[in-house]
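I have placed the structure first, in the form of structure tokens, so that the comments after it can refer back to it.
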Ligand code: SF4
């Protein structure tokens, strides 16, 4: 059975448990049957090869199979059958009296925690982890903005307007002040929201950047974070054995983590990144594995942190290092981006070609074309080391937060005492790439010949530049040329056909005149399949096609994962222009193939904004009637948003379209 077939689960959830509460025998039988049916939808590795839409991925999966190199999909198959208790979320190991799991025989853990509490606690811990991950990404950029402002870090502040505009929104004086001085205050405010322990102090990023209607909702529900650090601490505090025994209180904390993730991990990070490196602009970029070229020193940058990546690219493009590469017989030095490192670079400075998201990073390595792999933080699977060993690719790590056994370290130390040596570090890394090129002569290389062009770098600023204001886009939504807007994001998951769900949902949306915004891992299939190209306009419905003429694609690529801010900024700007609150707008958030903890928070962030979320992968909540109801329907009245899951991507796309039409009807727009 394949992941595109509908399993019993969505119907099961629509009916919301005909049997009693979460500890009822009948309910436990019921959800275990649902878990079993859900597992039947997981594709095999061979089904992945049949169904994944990008021919380059297909060819590389076949090649890795022939070479006997395992991929994510082989390892997923080896994990089968997946644990029912894990999928249901009813396994707890929060203390060493356990692990405990909820069964018909044992309806409570040793401490007395029931299924609702255990499922809710597991979910909160995942949300806290996601907030910590984006928060650490943010901390790095906010500190770098501060250090650049203090001249401890020798980089220019390229986002002058962004710094001034944002500082003004924060109430930081800007008149007659030097840019660095304003930037230092702005970085200080962002860092305070990240780490403030004092509950009496305001969380300024929300006050400055969130729509007032939303702020009132969050205050009413007591959701406004004290700081990101505080809410993550509190999440682990609450979920410890014998602390918070109320599943509702646990899920309220999850929403606080969602806000901390959104405003410190995403909005704050984006402000710092744009302040340091500029907002960038729309550009045309080459994409996909066929852009790899033999005969060059080929260096991949993989992860999320832009500072060192930018310095590496700058060094590698300099005459000095190009000459050194040529002396080793190379035609030059080329850089390729994996995951968000490629995406954040491509619309700010030329020279980094995005090749793949995290799940197919191993396939890129398997080409044998890479001399050096530079990894920083997040979504760098440890499995890349096995492939790198086969292809003799040198791997270096650059962050003390994220090391790989067998990799060489060219890293900032934990205290960042060597942040002032960024240029030297970058030059050493490029030199390592040149040396690896010389060492790897004769290693077989196979590059599938698939390469496309994509338009990237859309933003609030670009919309204003292109249209003069938000008004033309807002009018197109109101008069129906654009049915609605979807933010299509998220990582990938071998529980569904790789990149197929993202492609299929998008196909339905654009045919129905829905404008799609995208970033991060989900944007890769959309770029590779032509949705981000000018010619991609032909895939859109007639009304949207006319609006996009002559040169706009139906999917607007806004950048890396933290650029969700750009999507929410475009959505909020249009809503404000129309004088409509966000929950009433025909908007949606979709992460069809989500898998990692940040994905949980990203969906939560948009739901907190009043935008419903749509997915093809279930969360591990089968075991709690109350948590299922909370996650799927329970925030309709409070936040104005809900969650829908359907393993059939086309049906999910149709559901988004139907919900948008209902919202438009309620607004009197049809
Ligand atoms: Fe078991 Fe309670 Fe300990 Fe969890 S916290 S492992 S349910 S005793």
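Tell me, yes or no, whether segment 619-637 has at least one residue that is on the phi > 0 side of the Ramachandran plot and touching a residue at least 12 places away in the same chain (Cβ under 8 Å). No; the residues of segment 619-637 include none that is on the phi > 0 side of the Ramachandran plot and touching a residue at least 12 places away in the same chain (Cβ under 8 Å). The helices (runs of 4 or more DSSP H) found wholly in segment 208-323 and carrying at least 3 residues that are touching a residue at least 12 places away in the same chain (Cβ under 8 Å) and within 16 Å of the ligand (Cβ to nearest atom) occupy 228-238.
Condition check ((1) surrounded by fewer than 21 Cβ atoms within 10 Å (Cβ to Cβ); (2) more than 30 Å from residue 569 (Cβ to Cβ)) across all residues:
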| site | (1), (2) |
| --- | --- |
| 387 | no, yes |
| 409 | yes, yes |
| 418 | yes, yes |
| 446 | yes, yes |
| 453 | yes, no |
| 461 | yes, no |
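The residues in segment 30-64 that are closer than 28 Å to residue 621 by Cβ and not in a helix (DSSP H, G or I) can be counted, and the count is 5.
Of all the criteria given as (1) surrounded by 19 or more Cβ atoms within 10 Å (Cβ to Cβ); (2) away from the ligand (no atom under 14 Å from the Cβ); (3) not in a helix (DSSP H, G or I), the one not satisfied by residue 128 is (3). Could you check, for segment 137-145, whether at least one of its residues is away from the ligand (no atom under 12 Å from the Cβ), farther than 28 Å from residue 276 by Cα and without any contact (Cβ under 8 Å) to a residue 60 or more places away in the chain? No, the conditions are met nowhere in segment 137-145.
Any residue that is out of contact with any helix residue (DSSP H, G or I) (no Cβ under 6 Å at 6 or more places or on another chain), surrounded by 23 or more Cβ atoms within 10 Å (Cβ to Cβ) and more than 22 Å from residue 121 (Cα to Cα) - is there at least one of those in segment 582-589? No, every residue in segment 582-589 fails to be out of contact with any helix residue (DSSP H, G or I) (no Cβ under 6 Å at 6 or more places or on another chain), surrounded by 23 or more Cβ atoms within 10 Å (Cβ to Cβ) and more than 22 Å from residue 121 (Cα to Cα). Taken over segment 65-116, the criterion of being within 16 Å of the ligand (Cβ to nearest atom), crowded, with 18+ Cβ neighbours inside 10 Å, in a loop (DSSP other than H, G, I, E, B) and touching a residue at least 24 places away in the same chain (Cβ under 8 Å) is satisfied by 89, 90, 94, 102, 113, 114.
Values in this text are rule-based calculations from the coordinates and carry no lab data. Note that this is a predicted model, so its numbers are computed, not measured. Counting neighbours? That spans all protein chains shown, and the Cβs are built from the backbone with ideal geometry, glycine included.
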